[in-house]
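This report refers to the structure that appears directly beneath it.
Please treat every number below as a calculation from the coordinates, not as lab data. Values in this document were obtained by computation on a predicted structure and should not be read as measured data. Cβ placement follows ideal geometry from the backbone for every residue including glycine, while neighbour counts extend to all protein chains displayed.
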Amino acid sequence: MATSPATPKIAKSSLLTTLFSRPLPLYLSAFLLRLILLLYGLWQDANSPLKYTDIDYLVFTDAARFVSRGESPYARETYRYTPILAWLLLPTTCTAGAQWGPLAAKVINAAWFSFGKVLFAAADLVAGWLIERVLVMGTDFPGPTTSFSQGNGTATKKHEEEVNDEGKGMAPSRARAFAAIWLLNPMVATISTRGSSEGLLGVLVMALLWAVLSRRITLAGLLLGFSVHFKIYPFIYAPAIVWWMDAERFSGVRETGQKTTSFLKKISSFLTLPRLQLALTSLLTFFGLNMLMYALYGHPFLQETYLHHVTRIDHRHNFSPYNTQLYLSSASITPLSTTPAGSQLKIESLAFLPQLLLSTVLIPFVLAKKDLPTSLLAQTFAFVTFNKVCTSQYFLWYMVFLPLYLPRSSFLKNMKLGVAALGLWVLGQGLWLQQGFELEFLGRSTFLPGLWMASLGFFVVNCWILGVIVGDGGGEGRLRGDERMFGNVLYITMVM
């Protein structure tokens with residue numbers, strides 16, 4: 001009788017061991033989760049006025065239908081994506097012939113229409129597998145050697161052990177346990193099976209990180225160029241990757257205490273062959289794809305895929321504090337307006353300044369050389385948090401990095417802190433969604449103060465979480481000189 005209370009714990013431990021000890025149980029569970037959601041989505045679409053399928057998926061498939069007719073995908077209003085996405089979804093335009101009969105044709109047509117959802121769900125699984133590979137490989141594989149010309153041998157050996165521990169890879173079973181944060185995440189699975197293409201971005205950025213950490217520079221350049229073409233935001237990773245790619249990581253020799261003071265020598269030492277190779281490959285890929293798409297579809301490609309995002313004023317389903325201002329801006333635009341374009345300075349054109357300062361300058365400089373995956377997480381978190389348009393799909397942009405950051409994070413070392421952060425993050429969304437529900441479904445004007453205050457509350461929670469992530473990645477004790485100065489500017493910018 002004395003051992004009976006421990007029985008549930010033993011059973012739970014055995015279940016988790018079985019789930020993560022081999023790849024099949026985990027990936028099969030992730031597959032079944034998405035299959036159930038896909039089937040449920042078909043039922044809800046057929047039986048409920050509140051549709052499971054995301055409106056963006058209807059935009060994607062409509063654009064694919066235009067392409068199948070030999071027309072431009074931009075003939076579909078609000079299609080703001082690369083034509084490649086519409087090309088990938090061409091199978092959704094297939095239909096069953098009359099020979100199949102009404103019932104069979106209905107099932108076949110539903111299956112073809114769901115092709116994109118299946119593709120996005122499959123991308124989730126591939127991204128999860130890449131997460132596992134990066135964790136097994138190690139966040140800084142092969143780790144830099146550690147050698148100093150000053151100091152005693154004991155201190156040098158201790159520092160070597162610290163560096164090796166930070167760059168050490170995980171056991172596969174433990175790596176799968178952290179990859180499950182992505183693979184078995186119901187939010188990730190729901191967003192993909194509703195028809196959001198963010199899973200494809202998860203694959204691209206994880207493949208990019210894997211290529212960089214394994215020193216496959218040409219592949220990394222191709223992936224970076226393609227990722228930025230596919231969705232603009234991965235360009236923020238370029239500064240961090242370039243800053244991380246110092247000569248030490250590629251030669252295996254740590255720099256000595258002597259540092260050059262000549263500006264030209266600093267520039268020449270910075271422009272290493274791997275950095276130049278990455279820049280050339282990524283730029284050629286990016287511009288090559290853009291030139292091809294421009295040749296096929298002309299100015300609408302540039303306008304809808306890139307230029308639109310500079311002045312977009314989407315306010316629906318937008319968690320950003322800019323939400324109310326964007327709504328007012330959209331309401332002030334009329335077809336008969338005689339106000340010269342550019343005569344007014346609009347907030348949507350300035351919102352990029354703090355966002356880009358954090359995500360492309362301050363965070364990469366402070367974090368990239370110490371912990372590249374954490375730097376990419378913090379950059380993406382800052383980019384989404386400070387973006388003038390912030391929707392649930394964007395959360396997947398940084399959630400894909402969480403399994404790489406959490407093993408050494410304060411949120412796991414201090415479970416109370418982790419539970420508090422998760423609780424506040426979910427509560428912040430819940431409060432906003434409650435105000436949004438009253439606005440969109442009940443027709444009540446909740447813009448002020450309800451919706452705006454909920455947006456501010458969620459923004460403050462995200463800034464606090466971002467501060468913890470930056471603190472974990474940089475570590476106050478590990479910042480030196482100019483890095484400490486940039487770190488101080490970083491925190492001031494976040495507070496402002």
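In this simple spin-label approximation, Ser410 and Trp100 carry label points 7 Å from Cα along the Cα→Cβ vector, and these lie 5.5 nm apart. When each of the peptides 183-194, 448-459, 407-418 is scored by the mean number of other C-beta atoms lying within 10 Å of its residues, the order from highest to lowest reads 183-194, 448-459, 407-418. What pairs from Lys168/Lys369; Lys106/Lys231; Lys369/Lys416; Lys388/Lys416; Lys51/Lys106 go past 23 Å between their alpha carbons? The pairs that break the limit, which is 23 Å between Cα atoms, are Lys106/Lys231; Lys369/Lys416; Lys388/Lys416. Taking the range 99-132 and a reference point 7 angstrom along Cα→Cβ of Trp43, no backbone N atom is nearer than 15 Å.
Taking 0.36 nm per residue of separation and subtracting the Cα-Cα distance, full extension of the segment from Leu219 to Leu353 would add 45.2 nm.
Specify the inter-centroid distance of the range 84-144 and the range 179-216, based on alpha-carbon positions, in whole Å. The range 84-144 and the range 179-216 have Cα centres separated by 12 Å. Label positions at Ser268 and Leu296, each projected 7 Å from the Cα along the C-beta direction, are separated by 4.5 nm.
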